[in-house]
Amino acid sequence: MCLIVFAWRPGHALPLIVAANRDEFHARPSLPLAAWEAAPTVIAGRDLQAGGTWLGIGTGGRFAALTNIRAPGAPLGTRSRGELPERYLRGELSPQAYLTELSGHLEHYSGFNLLVGDEHQLWYLNSQRGTPEQLPAGIHGVSNAALDTPWPKLLRARQALRDCIEKQIEEPQAEMLLRLLSDPQLAADEELPCTGVPYEWEKRLSSVFIAGTDYGTRASTVLIRHANGATQITERRFGPTGPLGDSRIDLPPCGQADAP
């Protein structure tokens with residue numbers, strides 16, 4: 001996952017709204033959003049190369065999402081970062097406990113940002129800082145640097161999410177959120193961050209949605225959660241030549257699935 005913007009509003013009728021793009025090489029195989037056969041309580045896409053995920057939900061309102069930190073030349077971790085959301089979604093530790101435990105093993109992973117939460121709280125860990133943080137209510141974003149780093153693509157997407165929420169007072173629709181994730185506008189040269197990659201890549205990676213025959217946005221994911229726990233998660237997938245299809249999963253309010 002390379003861009004996540006989200007509204008975290010505890011106590012609101014819609015406490016969590018997420019819009020996220022996963023950017024990756026098209027040759028890297030993955031499975032669409034679905035309940036995992038070996039772990040049916042986990043609903044996520046799946047990376048078939050390393051076995052983990054980039055964004056997903058689980059029982060009890062569990063939510064996790066990951067972005068990589070762009071740091072050319074940094075040593076590669078010995079373990080896949082994709083296992084970090086997966087382990088949280090499969091487990092039972094609280095968000096704080098999970099990130100606190102993880103913070104003692106950061107040397108095993110390449111740089112990452114990790115969001116984990118449940119029905120009551122949302123936590124964040126930047127592997128370079130190494131200290132878990134409980135996030136306050138608000139509209140936030142993270143790309144391939146620390147939380148709310150003002151890269152042009154993040155500023156555009158975060159403002160678009162704010163506008164979407166304000167226009168749809170009752171409830172933003174998934175299609176509106178997917179539309180904000182499809183923004184192809186490149187940043188002006190003077191606005192580009194300097195992350196150590198060649199100019200051509202810095203420019204190419206500066207848009208919210210990245211198109212390309214070798215590398216680009218592979219999936220756009222939207223999550224809308226209601227205060228009663230009812231959750232809608234939608235994934236739109238892309239290949240080198242355009243859209244490949246959508247998946248949508250609707251989870252009922254808490255406890256309703258067990259009702260007779």
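General remarks:
- The residues of segment 34-63 that are touching a Lys or Arg at 6+ places or on another chain (Cβ under 9 Å) and among the aliphatic types (A, V, I, L, M), listed by number, are Ala34, Ala39, Val42, Leu48, Ala50, Leu55, Ile57.
- Residue within segment 14-35 that is modelled with pLDDT under 95 and small (Gly, Ala, Ser) present: no
- Screening Ala157 against (1) farther than 23 Å from Leu115 by Cβ; (2) buried (at least 19 other Cβ atoms within 10 Å of the Cβ) leaves a single unmet condition, (1).
- With respect to (1) in contact (Cβ under 8 Å) with a residue 60 or more places away in the chain; (2) in a loop (DSSP other than H, G, I, E, B), the lone exception for Leu186 is condition (1).
Conditions (1) part of a helix (DSSP H, G or I); (2) closer than 24 Å to Pro252 by Cβ, marked per residue:
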position	(1), (2)
Pro40	no, yes
Thr67	no, no
Thr78	no, no
Leu84	yes, no
Glu107	yes, no
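- Leading residue by the ranking (most open to solvent (accessible area, probe 1.4 Å)) among those in segment 93-141 that are acidic (Asp, Glu) and at pLDDT 95 or above: Glu107
- For segment 163-200, the candidate set comprises residues that are hydroxyl-bearing (Ser, Thr, Tyr) and surrounded by 15 or more Cβ atoms within 10 Å (Cβ to Cβ); within that set, the residue that is modelled with the highest pLDDT is Ser182.
- Condition broken by Pro72, with the remaining ones in (1) under 17 Å from the mean Cα position of the chain (by Cα); (2) surrounded by fewer than 22 Cβ atoms within 10 Å (Cβ to Cβ) satisfied: (1)
- Residues in segment 191-209 that are in contact with a strand residue (DSSP E or B) (Cβ under 8 Å, 6 or more places away or on another chain) and within 13 Å of Pro72 (Cβ to Cβ): Leu205 alone.
- Qualifying residue in segment 18-33 (condition: over 19 Å from Phe238 (Cβ atoms) and of a type outside the set (D, E, K, R)): no
- Long-range neighbours under 7 Å by Cβ, at least six apart or interchain, first residue more than 25 Å from Thr217 (Cβ to Cβ) and open to solvent by 80 Å² or more (accessible area, probe 1.4 Å) within segment 243-256, second part of a loop (DSSP other than H, G, I, E, B) and modelled with pLDDT under 90: none
- Lone qualifier among Leu16, Leu48, Leu84, Leu55 - being without any contact (Cβ under 8 Å) to a residue 40 or more places away in the chain, open to solvent by less than 40 Å² (accessible area, probe 1.4 Å) and not aromatic (Phe, Trp, Tyr): Leu84
- Test set (1) more than 16 Å from the chain's Cα centre (by Cα); (2) farther than 23 Å from Gly51 by Cα - Trp123 fails condition number: (1)
- Every condition in (1) under 21 Å from Phe238 (Cα atoms); (2) free of Cβ contacts under 8 Å to residues at least 24 places away in the same chain; (3) among the charged types (D, E, K, R); (4) in contact with a strand residue (DSSP E or B) (Cβ under 8 Å, 6 or more places away or on another chain) holds for Asp148 except the one numbered (1).
- Scan of segment 58-69 for residues that are on the phi > 0 side of the Ramachandran plot and open to solvent by 20 Å² or more (accessible area, probe 1.4 Å), ordered by number: Gly60
The values are calculated or read from the model by the stated rules, or taken from the named source; none is laboratory data. Here the structure is a predicted model, which means the values were calculated and not measured. A quick note on method: Cβ atoms are made from the backbone with ideal geometry, for glycine too, and the neighbour counts reach across all protein chains shown. Accessible surface is based on the protein model in full, side chains and every heavy atom, while ligands, DNA and RNA are left aside. Shrake-Rupley method; radii C 1.70, N 1.55, O 1.52, S 1.80 Å.
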